[in-house]
1. Over the Cα atoms of chain A, each weighted equally, I'd like the Debye log10 I(q)/I(0) at q = 0.09, 0.13 Å⁻¹, rounded to two decimals.
2. So for A:215, A:430, fewest C-beta neighbours within 10 Å to most, what's the order?
3. How do the peptides A:183-193, A:557-567 rank, highest first, by the average count of neighbouring beta carbon atoms within 10 Å per residue?
4. Place a point 7 Å from Cα of residue A:12 in the direction of its Cβ. Which residues in the stretch A:25-69 have their backbone N less than 20 Å from it?
5. Suppose we keep just the DSSP beta bridges with both residues in the stretch A:250-342; what percent of those would be antiparallel, to 5?
6. Compute the distance from the alpha-carbon center of the stretch A:378-446 to that of the stretch A:314-347, in whole Å.
7. On full extension of the chain, what length is gained from residue A:241 through residue A:497, given 0.36 nm per residue of separation minus the C-alpha to C-alpha distance?
8. Can you tell me how the stretch A:125-176 classifies by the Cα gyration tensor, rounded, prolate or oblate, using a/c under 1.5 as the rounded cut?
């Protein structure tokens, strides 16, 4: 079968990098499967419960980089109890036992303990990169272990984790001999930082390219750090409160001017008035700006900042920018590809918000836009139809109207036609989140047109089971479906049970599915784990099949029922 | 798509009312037990009301701890008081960061509106929350602009020597200040203008 010796094929496989392609290659024949598995270095596990660590290690003994995802997406919004699962420990133990030459670990929504971090830091001498996104369960003590023991550490990237800050000395735990740091992000830490230790660490890390500080780092330390790292490419400031007439301000401004390589800017977790002009010198080169944690940057100061960011490709902002501000973005940021607009005051009916006008302006001014997350006060079908016409290249389109069942603000009709226009025009759309008043019709459109759709998020939408059925029947590439507060029930759930084996997972909460329906599904599909999450204090939930299930999460798996379910999770 | 996506002007049968002051849900479909009507009765009707109807209700939105979305739904409860829990969908860490800031703002809440005196192009800004009623507001403005503004309780005097206070509401109309209760005024006012009394 092979026309070339194995070594040549191996060489060819080296250029095959995407996991999808590698998976395809491994299915061609036994020989290719074998060559591929020994040469695979990067493995992505989208659901840590779909497979066991032992089987991953057995198949890919050359594993160097592992990506793991734990809790379902809705866990980000408090819909999943913290102890649901997604524990890192068994993976670390297996990797250590298997003597895997692990170099990189990327985790999302996992429960990570200090013990795991400690074990990680001691078990893999070549360990270089740790990226934790939306994880929890650990403290700065775990970080100290990583800092102290991973001699070759290049990357420690903590994105939006819930970390118990013991205000420790973890930064000082980087040994004096450690000079390999390329990327350090601790913006999500809430506690104090040993500032001199930070300065020294930056001073001895000539390869440092990414540095994101937390709120506890004051401007004068920022100045000292920047002075030692003018080669930075990505900067996240901490506190930016200083007196514009002070020496510190002038020094900072002079130092910023020298940082000509900064392309990505974030932070400003605290901002003082009239401090922002000091950062102006680097704005014209920025390709990425994240001000979603900077409610202190608003009004005319924000507009003035945006006006200078002519090369921006990615912008994350709060809705206090307003429709007018988005108009400025539209006329300034012609290279914009990704926009996220977050709600600045989620609890009150504030005066800061954006509407369909801002979105239309953006779509008209930024033809390269392909990724959108937009929290707004209102939307109209006409606007969505215009947006679809202006930007047919959307890959990710997530709209969230703050009042989740609000109709078209002008016509009072459902927003079916607007979203229909989006899916029809955007042939490559892979991710979609819906919002507003929506009937079954929008799902008919999605099923008909969204051929590349992989992930769909639904909340407070639809009239009947037909809605869900349209999607399950139509979207052939659907991998993740998450639904809350929508009237879909057993008929939709059970119509095509084989479909779920082609998907990674399905989440349904506050819908109409009953315990009986879930039981039937679990019975028909032994390769699925059907989990019921019941947090109420009601004693016997297992009795009544007619009872509606509050939260159901099902996923395909090769390893059957997991053994670490907490009390409130019941696998059927 | 083949179908005309144009909006229809006639209201569908599920429109309860287009009256802008209609805050409470109408019991059009309250007898039906389907979740559709529940949702429509619940959320759709209230969407027709103006967004700044009741600040206290909105504040309660994110703080509701009701665990069941489906139970205890009576047609008399304001729909937005229902458990809209874990909404909007933003990450907890962002939510707590912004809530912290919002709480800071609410400790010193402000509602700044622009105020113009007729004939003077440069306006001023005033924090309405600093005042507890129309009298306080008028006193502030009299001091700020050094003019006499007639109180709403007095009879209107048509004269160019005096001024009256007007405001622009959410619909863009200019109205005389003082006709509605203070709290409702706060939810509808967009900006203020002090005009000559003979204009009204």
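1. So the normalised log intensities work out to -0.80, -1.50.
2. On the way: A:215 21, A:430 18.
By the 10 Å Cβ count, ascending, the order reads A:430, A:215.
3. Details: A:183-193: 20.6, A:557-567: 13.0.
Highest to lowest by the protection proxy: A:183-193, A:557-567.
4. Output list for this probe position: A:25-41.
5. Restricted to the stretch A:250-342, the bridges split so that about 0 percent are antiparallel.
6. 19
7. On the way: separation 256, 0.36 × 256 = 92.16 nm, distance 5.68 nm.
Contour length minus Cα-Cα distance gives 86.5 nm.
8. oblate
Laboratory data are not the source of any read-out in this text; all were calculated from the coordinates shown. Quick caveat, the model's predicted, so the values are computed rather than measured. When we count neighbours, we look across all protein chains shown, and the Cβ atoms used for this are built from the backbone with ideal geometry, even at glycine.
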